[in-house]
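Everything on this sheet refers to the single structure shown next.
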Amino acid sequence: MTTTAPVPVRSFRVAVPCSTANIGPGFDVLGISLSLYLVLDVQIFSPTTPVPDFAMTYSGEGAADVPLTPEENLTTKTALYVLSTHNIREFPKPLRIHVHNPIPLGRGLGSSGAAVVAGVALGDALGNLKLGKDRMLDYCLMIECHPDNVAAALIGGFVASYLREPEPAVTEKPNIPHSETLEEGRIGKELGAQQPPVGIGHYVRLGWAKEIKAIAIVPQFEIATAKARAVLPKSYERQDVIFNLQRLAVLTTALGCSPPDADLIYQAMQDKVHQPYRKHLIPGLPEILTTITPSKYPGLLGICLSGAGPTILALATDNFVQIATAAQEVYQRVGGFDSFYKVLDVVEDGATCVDT
Ligand SMILES: Nc1ncnc2c1ncn2[C@@H]1O[C@H](COP(=O)(O)OP(=O)(O)O)[C@@H](O)[C@H]1O
Ligand SMILES: N[C@@H](CCOP(=O)(O)O)C(=O)O
């Protein structure tokens, strides 16, 4: 006997790229979307179809650990939050979601940012809300409060972003994110059904020289971003701030110039705001950052921690295998960590949602 699969009344796919943030001096400012996609395949059935009201399956990174109940899973609880702010209290039924996630978790490649962006896109699509990307960014920032990953994953390309300083009346309200006082992970009951203020996050897309690829060297250990943020100081010396601002300004243009200038970019990717404070969490980081240079590896443009780490990001036009292998060797020798690497493209398209 053959059984036929139930036919959905609507099906669509949400795809969200991973991202690398900071790029050296641009802590909480710069993000780049890269060619590794979190994908959600979503099917909505007619209410009379004999299938469960909700079913979620998951493959790829985190499959053993990621919760699959709507109120616990980061993507679905984000979607429920978005819907609740539009007086929609539950998902349409029956609903089936398959998640495929190739983005390693807790490694500095924006897995949580991608999950949040996917959740906002899911809520937008299920509620037919037509929020638009600028408004979607506000929703993302209610959950992941640093804008660099979510802006890049949502918009695509090489993106600089900032959080607007809100009016005093707004900051007095609970649960409104603003600047450095943002607290991570407020969602679900805590956020309630409160719509985000309009225009929390602002961004601009920067030019990117097409020949530059991103090598992500990913060691086999995780660092929760919250933990890597907790080690940062509350205030900085003026000279360190100036050091980063000078490099950040140069870097935003230098990465768009073709052919790229390795001497300029290598220096412009130095940082004194986050990497020095995170090095004790990541054995091998100082050696990787100081010994893998453009003079030893022609084609290398710059090297830094990807996001909060422990992934290393190398930007390069050539010699990808040699650069990646050199970083892997240090991780193995100093920390005893196995690792893998991927050579990724910078992708122009951010999050997409298309009918299937
Ligand atoms: N696709 C996903 N679905 C559900 N939860 C996810 C997903 N991706 C990431 N997460 C959650 O985000 C956490 C990792 O976030 P974080 O510490 O910010 O690291 P990063 O974003 O650098 O990978 C995971 O431990 C998990 O709780
Ligand atoms: N600017 C943030 C970026 C965190 O990125 P992630 O990919 O590690 O989540 C930070 O450096 O804390």
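None of the figures in this text is laboratory data; all of them are computed from the coordinates on show. Here the structure is a predicted model, which is why all the values come from computation and not from measurement. We place every Cβ from the backbone using ideal geometry, glycine too, and count neighbours over all the protein chains shown.
Odds and ends about this structure:
- Full-extension gain in nm, Val321 to Arg164, via 0.36 nm per residue minus C-alpha separation: 52.4 nm
- DSSP bridge pairs, the chain: antiparallel proportion in percent, nearest 5: 90 percent
- When the Gaussian network model of the chain links Cα atoms closer than 10 Å, the mean-square fluctuations of Gln195, Gln220, Gln239 top out at Gln239.
- Whether the stretch 44-97 is rounded, prolate or oblate, judged on the alpha carbon gyration tensor where a/c under 1.5 counts as rounded: oblate
- Remark: relative contact order (the stretch 207-344) = 39 percent; criterion is Cα-Cα distance under 8 angstrom and separation of 6 or more residues.
- All lysines inside 21 Å of Lys213 as judged from Cα atoms, apart from same-chain residues fewer than 8 positions distant: Lys296, Lys342
- Among Pro17, Pro196, Pro147, the largest mean-square fluctuation in a Gaussian network model of the chain (Cα springs under 10 Å) belongs to Pro196.
- Charged side chains reduced to their Cβ positions (Lys and Arg at +1, Asp and Glu at -1) give the stretch 207-344 a dipole of some 380 debye around its Cα centre.
- Estimated vicinal HN-Hα couplings, Hz - the stretch 62-75 in sequence order (Karplus 6.51, -1.76, 1.60; Gly, Pro = x): x, 4, 6, 10, 5, x, 10, 8, x, 7, 10, 5, 4, 6
- If R0 is 41 Å, the Cβ-Cβ spacing of Thr293 and Val7 corresponds to a FRET efficiency of close to 0.10.
- Here Thr291, Thr20, Thr225 are placed in order of increasing Cβ neighbour count within 10 Å, fewest first, which gives Thr291, Thr225, Thr20.
- Cβ crowding within 10 Å, taken as a proxy for footprinting-reagent exposure, orders Asp271, Asp134 from fewest neighbours to most as Asp134, Asp271.
- For the options Asp261, Asp124, Asp65, a Gaussian network treatment of the chain with springs between C-alpha atoms closer than 10 Å singles out Asp65 as fluctuating the most.
- Rounded to the nearest 20, the size of the Cβ-charge dipole of the stretch 45-137 about its Cα centre is 260 debye, with Lys and Arg at +1 and Asp and Glu at -1.
- Ordering Glu71, Glu61, Glu222 from the fewest to the most neighbouring beta carbons within 10 Å gives Glu71, Glu222, Glu61.
- Under 22 Å from Lys279, Cα to Cα: lysines that are on another chain or at least 8 residues apart: Lys227, Lys234
- When peptides 202-212, 90-100 are ranked by their average number of other Cβ atoms within 10 Å per residue, the highest-first order is 90-100, 202-212.
- Taking label positions 7 Å along the Cα-Cβ direction at both Trp208 and Asn87, the computed distance is 4.1 nm, reported to one decimal.
- Given +1 at the Cβ of Lys and Arg, -1 at the Cβ of Asp and Glu and no other charges, the dipole of the chain around its Cα centre is 160 debye to the nearest 20.
- Helix-only CD estimate at 222 nm, as mean residue ellipticity for the chain, using -39500 (n - 2.57) per DSSP H run (n ≥ 4): -8500 deg cm²/dmol
- Global geometry of the stretch 207-344, whether rounded, prolate or oblate, following the gyration tensor of its Cα atoms and the 1.5 cut on a/c: oblate
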